[in-house]
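A.B. asks: Sending over a structure as structure tokens; questions will come in a sec.
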Amino acid sequence: MRAQSAAFLLIASTAHGFAPATVRAPVLHSVGNAVSSQPTTFSLSDERRSSVSMNMAKSSAMQMSSEASDSSSSADKTLGSKIFDAYTKTANVATTLFPLWTVLFTALALKKPSSFDFFTTEYFTAALAALMLSMGITLTPADFVAVASEPSSVLMQFTLCYAMMPALALFLGRAFGLEAGLMAGMVLVGSINGGQASNLCTYIAKGNVALSVLMTTATTVGAILMTPFLCKTILGTVVPVDAAGIAKSTIQVVLAPIAIGMSANKFFPKLVKAVLPFAPVVGVVSTCLLVASAVAQVADPILSAGINLQLPVLLLHLIGGIVGYWLPKLTGFGEVKSRTMAIETSMKSSAFGFLLAKLHFGDYIARVPSAVSVVWMALTGSMLAVIWRYIPVKEDE
């Protein structure tokens, strides 16, 4: 930049030697009613001409320096944008393939359970809280107002989640003759809130993602009361259930992270905006670790239970998705909303169910259905999503 400034100063000094000592310009003179145009001479002293030239040189140098700086900044910004765009594309692909990661992590957990010994209960709880926090930072109080504007859709899905699914779980458990501990685990899976992975599957299925988030939020908050109530009502005489402990854990793992995320979104929007693009990746990694940890901890019971447990858990999610689609469809809801409700109903927060069974159910075997459900939930939801992705939706839907 100094070299450019010096060059402009040299040019200005050279021009000074050739500049005329006087400048002649026509000026209008009024004589009576007549107007005459006569050349008037303005004299510029050597000092004045030198000052003008120097000022022009300095101004030009500063302008060139500013333009060069802007150009450098623009180049840096372009490079940063390219890096961020590459990350975004990679993250989108990795997020879309989360069912594949689920299967791979599950296979590893079954083959070598010790690989996930490091993922203790504390880490498990923290990972679940991270999932809830990642949802919380996308929410604002206005979203809860929006729930009130969609009462019929949210109420329908809430009923499917906390009425139809627990009843279906109880029916399947009895139909397959599951022992008391496995029965308790089945009912728990049917009585928990919708999972966060449902939002991604809703997007893939061309459903209503915003509505999916609202439904997940409604069932998640509702879990504080509904999950312990259903478990105590249905299972209170079957296995020991700590309903108060379930409610406390739900508040700690679900409500608190969502509240913190919403507060951050309101009071630190710039920070949230910077962090938000990384939330899906954190969610996928957390989910894979949760799945693998849950499966690894009960790998032997899963393998020994065989088809007698795998089939009812699979049917719980599959039938839940089918009923979750056709019941809204037959009662007047559109295609997009019906798809959204089907995926929300099918995809339960099985990892949260595993944590509750581990902490608050007296029978060790009660946590096994949740571990099995983690896998079938992801596969069933992604299967429905991929099928619907290739079935077009009418524009008026």
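This table checks each residue for (1) surrounded by fewer than 16 Cβ atoms within 10 Å (Cβ to Cβ); (2) polar (S, T, N, Q); (3) more than 28 Å from residue 216 (Cα to Cα).
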| site | (1), (2), (3) |
| --- | --- |
| 114 | yes, yes, yes |
| 118 | yes, no, yes |
| 121 | yes, yes, no |
| 129 | no, no, no |
| 133 | no, no, no |
| 137 | no, no, no |
| 142 | yes, no, no |
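A.B. asks: Here are 93, 103: which of them is β-branched (Val, Ile, Thr), open to solvent by 50 Å² or more (accessible area, probe 1.4 Å), touching a residue at least 12 places away in the same chain (Cβ under 8 Å) and more than 30 Å from residue 333 (Cα to Cα)?
C.D. replies: The conditions single out 103.
A.B. asks: Is it true that residue 160 is assigned to a loop (DSSP other than H, G, I, E, B) and open to solvent by less than 40 Å² (accessible area, probe 1.4 Å)?
C.D. replies: no
A.B. asks: A further question on this structure: Quick one: which residue in 212, 153 is open to solvent by less than 10 Å² (accessible area, probe 1.4 Å), more than 22 Å from residue 92 (Cα to Cα) and polar (S, T, N, Q)?
C.D. replies: Only one candidate passes the filter, namely 153.
A.B. asks: Let me ask something else. Just one of 285, 253, 295 is under 28 Å from the mean Cα position of the chain (by Cα) and within 30 Å of residue 86 (Cα to Cα); which is it?
C.D. replies: Unique residue meeting the criteria: 285.
A.B. asks: Output the residue which, of all residues in the stretch 215-234 that are out of contact with any Leu (no Cβ under 8 Å at 6 or more places or on another chain) and among the hydrophobic types (A, V, I, L, M, F, W, C), is surrounded by the most Cβ atoms within 10 Å (Cβ to Cβ).
C.D. replies: Per the criteria, the residue is 215.
A.B. asks: Continuing with this model, one more query. Only one of (1) surrounded by 11 or more Cβ atoms within 10 Å (Cβ to Cβ); (2) part of a helix (DSSP H, G or I); (3) not basic (Lys, Arg) is not met by residue 178, so which one is it?
C.D. replies: For residue 178, the failing item is (2).
A.B. asks: Residue check: is residue 108 assigned to a helix (DSSP H, G or I) and either open to solvent by 60 Å² or more (accessible area, probe 1.4 Å) or over 24 Å from residue 214 (Cβ atoms) (or both)?
C.D. replies: Against the criterion (assigned to a helix (DSSP H, G or I) and either open to solvent by 60 Å² or more (accessible area, probe 1.4 Å) or over 24 Å from residue 214 (Cβ atoms) (or both)), residue 108 qualifies.
To keep it simple, each residue is scored yes or no on (1) aliphatic (A, V, I, L, M); (2) part of a helix (DSSP H, G or I); (3) touching a Ser or Thr at 6+ places or on another chain (Cβ under 7 Å); (4) at pLDDT below 50.
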| residue | (1), (2), (3), (4) |
| --- | --- |
| 56 | yes, yes, no, no |
| 78 | no, yes, no, no |
| 91 | yes, yes, no, no |
| 100 | yes, yes, no, no |
| 124 | no, yes, yes, no |
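A.B. asks: Sticking with this one: Based on this model, can you work out whether residue 144 counts as aromatic (Phe, Trp, Tyr), in contact with a helix residue (DSSP H, G or I) (Cβ under 9 Å, 6 or more places away or on another chain), closer than 26 Å to residue 266 by Cβ and at pLDDT below 85?
C.D. replies: Yes, satisfied.
The values are calculated or read from the model by the stated rules, or taken from the named source; none is laboratory data. Because the structure is predicted, anything quoted here is derived from the model rather than measured. A quick note on method: Cβ atoms are made from the backbone with ideal geometry, for glycine too, and the neighbour counts reach across all protein chains shown. In case anyone asks, the SASA skips ligands and DNA or RNA and just uses the protein heavy atoms, side chains included. Shrake-Rupley method; radii C 1.70, N 1.55, O 1.52, S 1.80 Å.
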